[in-house]
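What follows is calculated from the coordinates using simple rules that are stated; it is not laboratory data. Just so we're clear, the structure is a prediction, and the values are computed from it rather than from any experiment. A quick note on method: Cβ atoms are made from the backbone with ideal geometry, for glycine too, and the neighbour counts reach across all protein chains shown.
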Amino acid sequence: LNVTEEKFVLDTLAGCTEYKSILDVVVNAFYVQDGRYCPISERNLYIVICYVATFQLEEIGLQHFSRIVKSLDTAKMQQFLRFFFNDLHLNTWIKDEWSHFYDSVYVKENLIDPLLRWQPKVQQLIEKLTDKLSNRSTTVKTSRVTQPKEFNLTVPKPRAIPPPSPAPLPVLPKRQPVPPSIYKPPKERKQLEEIKAKNIQKAKVSIRFLICVCKGDPFSLPVQGTILTGRETDPFLPRYLEVVWESVFTQYFEELTKQPQDLIQIDNIPIKLNTAAILREGALYQRKLEEELKRVENLQQGAGDPSEFLEWQKQMRGKDLEEQLAEIECRRLQGKLSYEEAVLAHQNVTQENKKKACLLREEKAELMHLYAEKRLQEQKEMKELVEQVMEGHKNVKQVKAKIQEYKQQIVQQVCEESGELLRQALEEKEEENRKRYELIQQIRAIESTPSIRHKFVDLTETSGHGLFGEMSVVELRERLALLKEAQKAAEEEKRDQIIHEKQAKEQLILDKLDQISQFRAELGRAAAFKQEEKKKSQSGERPMKDERILNLQKKIAEKTMERKKQAGLL
C-alpha cells in the first residue's frame, strides 16, 4: 500500500474501534430485520461500510465510496445500504439510540443531517446495484465430493466397579400443620375497640351538655349524633365567647380520643393465661404485697421515708436524659456536616478524574496507531509462514500412503488371531454350561423327595430342660392374665390420684386469678393518677437547645450553600 491508502486503512480501523457502540446499534438491527439470513462472519464488513458512510463520506467523496461498494458482493451491499439510508430509520430509532451515547444536538448536526444530505445520491447508487442484480445471470456452482476419513477413535478405559448403594435416609415424621387461629385477630381487640367507641360517644354527649350550659340554655340539649357548628345564638352570650368555648371543648375531645388504650376500663374482658403465667404473676403480686407490708412496719417503727431521695433521683435522671438527647443531636449534625464535606471532596475528585480521562484517551489513540502497524507486519509474516507450510504438506502425502498400507496389514493379522481365540472361548463356555445343567438336575431330584416334618405338642407339659422357673404354656398364660389384672388395678388407683391433684391445682389457680384481678385494678388506677400528674408537670416545660447544636446547624448551612454554588459552576 502507498502512504495515502495506508493512512485510510489505519484511520478506518481506529474509527471502527472508537465508535463501536453506535455502529453496533445499526448492524445489530440489520441482522434482526433485513439481514436475518446473512452469515455472522460478515459482521465486520457491515461495520466498516457503516463507518465509512457516516464519518468519511464527505472526505473521500461519492465516487470513491461507489468504487468500494462495487468491489464487494452486490446483493449484500444493496440490502445493507437500503436499510441504513432509509429516511424513516434515520429520523426515528437510529437517532434515538445514538442520543443515548452522545448529545442529541451533536447527533443531529454531525451525524444524521450529513446522512440525509447524501441520501438522494446514495439512492441512485442503490438503484444501480438493483439493476445489476436483476440483469446478472445465475451461475450454478459444482459441489465438491466429500472424501471420507477414518475416525481416530481412542481405546475405552476399563469400567470401574460401582460403589455400594448408600444407606436409605431416615424419613422424618410429618409435622402438624399450623392452626388457623394464629392468623386471625384476637377477639379482645374488637371488644377494646367497641369499649373505646362507647367512651368517645359518652364524652361527646358530656361536651355538648357543657356547651349548652355555658350558652345559658341547659335544657336545649342537642340530639345524639349532631355536629357542633356554633350556629345557635344567645343574646346574653357574645359571639366570640361561643367560639372560644367550642374550640376549648373540641381540643379536649381530641385529647380524649388520643388517650392510650391502657386507661380504658377492661375489667370485664377475659384474658387467656396459661397456668405458668398465672402462678408467676400471683407470686409477683404476693412479693410486692409483702414488701409493702414490710415498708409500713418500718415506718411505724420510726424509719425514714425515701420519697425525697426518689424525687431527687428522678430529677437527676431527667437531666441525664436531656444531656444524652443533646449529645445524640450533636452526633447527628456532625454526621450531616461530614456528609456535606464528603460531597465537596467527591466533586473535586470528579474534576481530577475528567482530566485524567482526557490524558488516557490521548494515550489510547497513540497505542491504537502502534497496534495497527504491528498487526500489518504480523499479517505479512503469517503469509510467508503459510507458504512454507504448504510446500511441506506436499511431501507428507506420500509418507501417509505408505503408513496406511502398513496399518492395513497389521489389522488383517489381528483379526485372524482374534477369531481363533473367540472360537476356543465359545467351546469352553458350552462345556461349562453343560456341567452346570447336570448339577442343577441332581439338586432338583433330591429336593423332590418327600419328608415328614409334623411334631405334636402338648401345652400342659414342660419342656424338661431342668430349669428352676420352668413351666408349661398353659401355666404361663394364666400368670400373664393375673399380672394384667394387677397392672390395671394400679392404673385405676393412679388415675384417681391424678384427678384429685388436678382439682386441687385448679382451685389454687382460681384463687390466684381473683388475687391478680384485684391487684390489676389497683395498679390501673395508680397508673392513671401518675399519668395525669406527669401531664401537669410537663405542660410548662419547654426544650432548650444546646449551643453546640446551634453552631453545628450554622456550619451545615454554610457547607450546603458552598456545595450548591460549586454544583452550579460544574
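Straight distance only, please: which lysines reach the Cα of K128 with their own Cα at less than 23 Å, same-chain residues fewer than 8 apart left out?
Within reach: K70, K76.
Taking θ as phi - 60°, what are the ³J(HN,Hα) couplings along segment 9-25 by the Karplus curve (6.51, -1.76, 1.60), each to the nearest whole Hz, with x for Gly and Pro?
With coefficients 6.51, -1.76 and 1.60, one gets 5, 5, 4, 5, 5, 5, x, 4, 6, 6, 9, 4, 5, 6, 5, 4, 4 Hz.
Modelled label-to-label distance, Q515 and K149, 7 Å Cα→beta-carbon offset: nm?
Each label point lies 7 Å from its Cα, and together they span 9.9 nm.
With the cut-off at 30 Å, tell me which of the pairs K314/K555; K20/K121; K294/K314; K196/K534; K196/K535 have Cα atoms farther apart than that.
Table pairs above 30 Å Cα-Cα are K314/K555.
On a full-extension model of 0.36 nm per residue, what is the gain between K502 and A489, subtracting their alpha-carbon distance, rounded to one decimal in nm?
2.7 nm
Please report, in debye to the nearest 20, how large the charge dipole of segment 3-136 is about its Cα centre when each Lys and Arg carries +1 at its beta carbon and each Asp and Glu carries -1 there.
Working: 15 positive and 18 negative charges, 115 e Å.
For segment 3-136, the charge dipole is close to 560 debye.
For L480 and A277, calculate 0.36 nm times their separation in residues minus their Cα-Cα distance, and state this gained length in nm to one decimal.
68.5 nm
Given R₀ = 25 Å, what would the calculated FRET efficiency be for L116 paired with A14, taking r from the Cβ atoms and rounding to 0.05?
Values: r = 26 Å, r/R0 = 1.04.
Result of the calculation: an efficiency of 0.45.
By a straight-distance test (C-alpha under 29 Å), which lysines pair with K157 as possible cross-link partners, with residues fewer than eight away in the same chain excluded?
Candidates past the 8-residue exclusion: K149, K400, K407, K429.
In nm, give the distance between the simple-model label positions of D96 and E188, each being 7 Å from the Cα along the Cα-to-Cβ direction.
For the pair D96/E188, the computed spacing is 6.1 nm.
Need the full-extension length gain, Q286 to N2, defined as separation in residues times 0.36 nm minus the C-alpha distance. One decimal, nm.
Numbers: separation 284, 0.36 × 284 = 102.24 nm, distance 10.98 nm.
That works out to 91.3 nm of additional length.
Straight-line reach from K559: which aspartates and glutamates have Cα under 16 Å away, leaving out those fewer than 8 places along the same chain?
Partners found: E340, E341.
Testing the spin-label approximation: label points 7 Å from Cα along Cα→Cβ at V171 and K380. State their distance in nm.
Taking the two extended label points, one gets 8.0 nm.
Quick one: Cα convex hull volume of segment 3-136, Å³ per residue? Don't skip to the end; give the middle numbers.
Numbers: hull volume 15.4 nm³, N = 134.
Dividing the Cα hull volume of segment 3-136 by its residues yields 115 Å³.
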